[in-house]
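Q: Below: one structure in C-alpha cells.
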Amino acid sequence: MQQHMAKPGAGLLLVLLASVGIAPLFTYGLSATSDLVISELQISETQFGLLATVCFGCAAIGNAAFSKFADRRTDASLFIIVFGLSAAALALAAIPSGYALLLVAAMFAGFAQSFPNGVTNRVLVQRVPGAQRITWTGIKQSGVQVSQLVGSLGFPALPNSECRYLNPTPQLTGMS
C-alpha cells in the first residue's frame, strides 16, 4: 500500500529558504562592509580574510563532526540551532568590541552553516512529494542568493546604531 504524502505549504518552503540563507548572512554582510571593518579595527586585509577562513573552517569541521548528532535530532531542533547560532553571530558582530569577538562570531556563523543543507534535504525527502522536489530544492537553494542580496544591500544601509561593523554609512558620509 502506498503512503499518501500531505501537500506541504508555503510556510515550510519559507523556513527551508531562510535556513539556507541565514547561516551565511554574517559572512556576506561582513564582506559588504569590509572597508569599515578593516579601518575601524585597524586590521590588515589578511586578518580580515581570516574571518572567512575561520567561518568556513568551522563549517567544514561542523559538517564532519556533527553529522551523527544531526541524524539523531529532530528537524525542528536543528532549525533552532541554525537560526540560534546565526542570530548569535550577528548579535556578536553588532557589538563594537574588537577583532577577537568578530572571530568568535565567525565561528558561530561557521557552525551554523554545518546543518542547513542536510536538514533541509531531509525535510524535502520526507515531506515534499517527488513531483515537487526539484522545484522546492531550487527555491530552497535560492536562499543563498537571497542572503547575498540582503547582506550586500542591507548591511551597508542599516540605520545609524551601535552596529558599527555592520553599518559603514556614518563613517562614509561624514555623519556621526
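Q: Can you tell which of Ser77, Ser19, Ser86 is closer than 13 Å to Phe108 by Cβ, of a type in the set (Ser, Thr, Tyr) and either modelled with pLDDT under 95 or in a helix (DSSP H, G or I) (or both)?
A: The match here is Ser86.
Residue-wise test of (1) surrounded by 12 or more Cβ atoms within 10 Å (Cβ to Cβ); (2) within 25 Å of Leu149 (Cα to Cα); (3) not basic (Lys, Arg).
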residue	(1), (2), (3)
Pro24	yes, yes, yes
Gln42	no, no, yes
Gln47	yes, yes, yes
Leu51	yes, yes, yes
Ser67	yes, no, yes
Ala76	no, no, yes
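Q: For the stretch 26-82, name all the residues that are under 28 Å from Arg127 (Cα atoms) and touching a Lys or Arg at 6+ places or on another chain (Cβ under 7 Å).
A: Once the filter is applied, which keeps residues that are under 28 Å from Arg127 (Cα atoms) and touching a Lys or Arg at 6+ places or on another chain (Cβ under 7 Å), the stretch 26-82 yields only Asp75.
Q: Let me ask something additional. Taking the stretch 104-128, which residues are farther than 25 Å from Ala6 by Cα, open to solvent by less than 40 Å² (accessible area, probe 1.4 Å), of a type in the set (A, V, I, L, M) and out of contact with any Pro (no Cβ under 8 Å at 6 or more places or on another chain)?
A: Ala105, Ala106, Ala112
Q: While we're on this one: Does at least one position in the stretch 152-173 carry a residue that is open to solvent by 40 Å² or more (accessible area, probe 1.4 Å), at pLDDT 95 or above and farther than 19 Å from Pro24 by Cα?
A: The answer is no; no qualifying residue exists.
Q: Name the residue that is modelled with the lowest pLDDT, counting only residues in the stretch 22-45 that are assigned to a loop (DSSP other than H, G, I, E, B) and more than 26 Å from Gly118 (Cα to Cα).
A: Filtering first and then ranking leaves Thr33.
Q: Checking Asp71 against (1) surrounded by fewer than 14 Cβ atoms within 10 Å (Cβ to Cβ); (2) at pLDDT 95 or above, which single condition isn't satisfied?
A: (2)
Q: Name the residues in the stretch 46-83 that are more than 15 Å from Asn117 (Cβ to Cβ) and in contact with a Pro (Cβ under 9 Å, 6 or more places away or on another chain), would you?
A: Cys55
Q: Quick check on this structure: which one of Ala89, Ala106, Ala112, Ala23 is in contact (Cβ under 8 Å) with a residue 60 or more places away in the chain and in contact with a Cys (Cβ under 8 Å, 6 or more places away or on another chain)?
A: Exactly one of Ala89, Ala106, Ala112, Ala23 is in contact (Cβ under 8 Å) with a residue 60 or more places away in the chain and in contact with a Cys (Cβ under 8 Å, 6 or more places away or on another chain), namely Ala106.
Q: Moving on to the next point. Identify all residues within the stretch 105-160 that are in a helix (DSSP H, G or I) and of a type in the set (Val, Ile, Thr); write none if there are none.
A: Val119, Thr120, Val123, Val125, Ile134, Thr135, Thr137, Ile139, Val144, Val146, Val150
Q: For the stretch 129-138, enumerate the residues that are more than 15 Å from Asp75 (Cβ to Cβ) and either among the charged types (D, E, K, R) or surrounded by 14 or more Cβ atoms within 10 Å (Cβ to Cβ) (or both).
A: Gln132, Arg133, Thr137
The values are calculated or read from the model by the stated rules, or taken from the named source; none is laboratory data. What you see is a predicted model; the values in this text were computed from it and never measured. So basically every Cβ, Gly included, is an ideal-geometry build from the backbone, and we count neighbours across all protein chains shown. Note: areas computed on protein heavy atoms with side chains; ligands, DNA, RNA excluded. Shrake-Rupley method; radii C 1.70, N 1.55, O 1.52, S 1.80 Å.
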